[in-house]
Amino acid sequence: MTPLSAFLPLVMPWAPAAPRPIVLQALRLAARELCVEGRIWRKLITTAVSTRVVSLLDQVAPDTIVAIQMAHLNGTKLTPRNFDDLPVDYLTAAEANPEWISQGEMDSVILYPFQPGTLETSLYLAPAAGTLYGEAQEAQNTVQDFLFRDHAETISHGALGRILIVPGQDYSNPELAGFYKGQFKDACSTALAASLKGQMRAPQRTKTMWM
């Protein structure tokens, strides 16, 4: 993990009067927005399931789930289905070969028909929105290493777009904020296009499985 403070040399020269807590929060929110809009962080999770409703949050905390890209139960690919379209007996129906995956609430999934076994999910993740302040919590102000290694400049631009737009401050600069926000948005679009193909440059799917 990389501390958010590692990004400060890329931000503070353009906003030297900005308070450190404001800068750290802007960095975290920029990192989150890049992950949400660019779909740059994907993680495969394997879960042993014995119930029809399965929580996924514990396996990604303290980060958050942006979307479920794909899911397999016992090797069978599950088809996303809206909660309102599930049969009324989804919690009591007899066990059978799995077909669908749905959601009744965020960060958990419903399997129907249900069958105990192994659930494999491909998840898009993002850092949580909140930033903890104070020296005691400084170690928790962190993001995944790859976000700094591969996207430090983009995240710094996103943070500056948030910091410099704050009105009535010594560091306010709406014009420069607009420039950095534009740079950040362009980078998010480029990241999304790249993530859809990946490093193997495989042909893009015409239909996604995101939930």
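A count restricted to segment 1-14 and to residues that are surrounded by fewer than 23 Cβ atoms within 10 Å (Cβ to Cβ), of a type outside the set (Val, Ile, Thr) and within 20 Å of ASP145 (Cβ to Cβ) stands at 7. Only one of the numbered conditions (1) farther than 18 Å from VAL49 by Cβ; (2) touching a residue at least 60 places away in the same chain (Cβ under 8 Å) is not met by ALA177, and that is (2).
Within segment 1-15, being of a type outside the set (Ser, Thr, Tyr) and at pLDDT below 95 holds for MET1, PRO3, LEU4. For ARG28, indicate whether it is at pLDDT below 95 and touching a helix residue (DSSP H, G or I) at 6+ places or on another chain (Cβ under 8 Å). Yes; evaluated as a whole, the condition is true for this residue. Remark: pairs (first residue in segment 15-39, under 19 Å from THR2 (Cα atoms) and open to solvent by less than 10 Å² (accessible area, probe 1.4 Å); second residue of a type outside the set (A, V, I, L, M, F, W, C) and part of a helix (DSSP H, G or I); Cβ separation under 7 Å; 6+ apart in sequence or on different chains) = ALA26/ARG162; ALA30/GLY158; ALA30/ARG162; LEU34/HIS151; LEU34/THR154; LEU34/GLY158.
Going by what's in this entry, would GLU105 be described as touching a Cys at 6+ places or on another chain (Cβ under 6 Å) and open to solvent by 60 Å² or more (accessible area, probe 1.4 Å)? Full working, then the answer.
Details: touching a Cys at 6+ places or on another chain (Cβ under 6 Å): no; open to solvent by 60 Å² or more (accessible area, probe 1.4 Å): yes.
No: the conditions fail for GLU105.
Could we say that VAL53 is among the β-branched types (Val, Ile, Thr), open to solvent by 60 Å² or more (accessible area, probe 1.4 Å) and either touching a residue at least 40 places away in the same chain (Cβ under 8 Å) or under 26 Å from LYS197 (Cα atoms) (or both) here? Walk me through it before giving the result.
On the way: among the β-branched types (Val, Ile, Thr): yes; open to solvent by 60 Å² or more (accessible area, probe 1.4 Å): yes; either touching a residue at least 40 places away in the same chain (Cβ under 8 Å) or under 26 Å from LYS197 (Cα atoms) (or both): yes.
Against the criterion (among the β-branched types (Val, Ile, Thr), open to solvent by 60 Å² or more (accessible area, probe 1.4 Å) and either touching a residue at least 40 places away in the same chain (Cβ under 8 Å) or under 26 Å from LYS197 (Cα atoms) (or both)), VAL53 qualifies.
Selection over segment 145-185 of residues that are more than 18 Å from ARG32 (Cβ to Cβ) and in a helix (DSSP H, G or I) gives a count of 7.
The values are calculated or read from the model by the stated rules, or taken from the named source; none is laboratory data. Quantities reported herein were computed from a predicted structural model and do not represent experimental measurements. Here the Cβ is made from the backbone with ideal geometry for all residues, glycine too, and neighbour counts use every protein chain on show. The protein model used for the area step is the full one, side chains on, heavy atoms only, and it has no ligands, DNA or RNA in it. Shrake-Rupley method; radii C 1.70, N 1.55, O 1.52, S 1.80 Å.
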